[in-house]
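My questions all concern the structure below.
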Amino acid sequence: MQGSPKRRFSMRFLLLAAVLLTSVPAAAPALADATTCSSFAAMLPPIVRKSAIAAVDETYDINLYSFCRGYQFHDTGNAGGLVRTIANNPVLVAAIKDADWQATPDDVKYVQIVGKQIYLWLHHDPR
């Protein structure tokens, strides 16, 4: 007996939830450090051109992510040389301020541009 479609859906949902919950590690701030916080950065391109940052306008989909809150992070990432260019782009500055009114372009540590999407990773602790 196969059961009703509604029951099959709920069982699939429960199975998917169980798989996701067991495969995602629990947040453990005590285990985090600069190495584990920035491990995702190995997948990002090491160089983003200043001209690409300057070209970002309202047509871009801007995605901002916060990482390693509560931990000191002294790496400038791939955005170290882009801070002034980011600060001179009013669209990016507005997006950063909308995400966190205390954040500044200095808080951007990693940048990735894919087509008309830009991803900014910010390390910012409340001042």
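Note the full-extension length gain between Ser66 and Arg49 as 0.36 nm times their separation in residues minus their Cα-Cα distance, in nm to one decimal. Intermediate values should be presented prior to the final figure.
Working: separation 17, 0.36 × 17 = 6.12 nm, distance 2.21 nm.
Once the chain is fully extended between Ser66 and Arg49, it gains 3.9 nm.
Right, next: For a quick check: with amide H placed at 1.01 Å from N, whose amide H comes under 5 Å from Leu64's, ignoring anything fewer than 5 positions away on the same chain?
Distant-sequence amide H within range of Leu64: Leu120.
Consider a paramagnetic label point 7 Å from the Cα of Glu58 along Cα→Cβ; state which residues of segment 84-127 have an amide N under 17 Å from it.
89-96, 98
Values quoted throughout were computed directly from the atomic coordinates according to the rules given, and no laboratory measurement underlies them. Since the model is a prediction, treat every value here as computed from it, not as a measurement. No Cβ is skipped: glycine too gets one built from the backbone with ideal geometry, and neighbour counts run over all protein chains shown.
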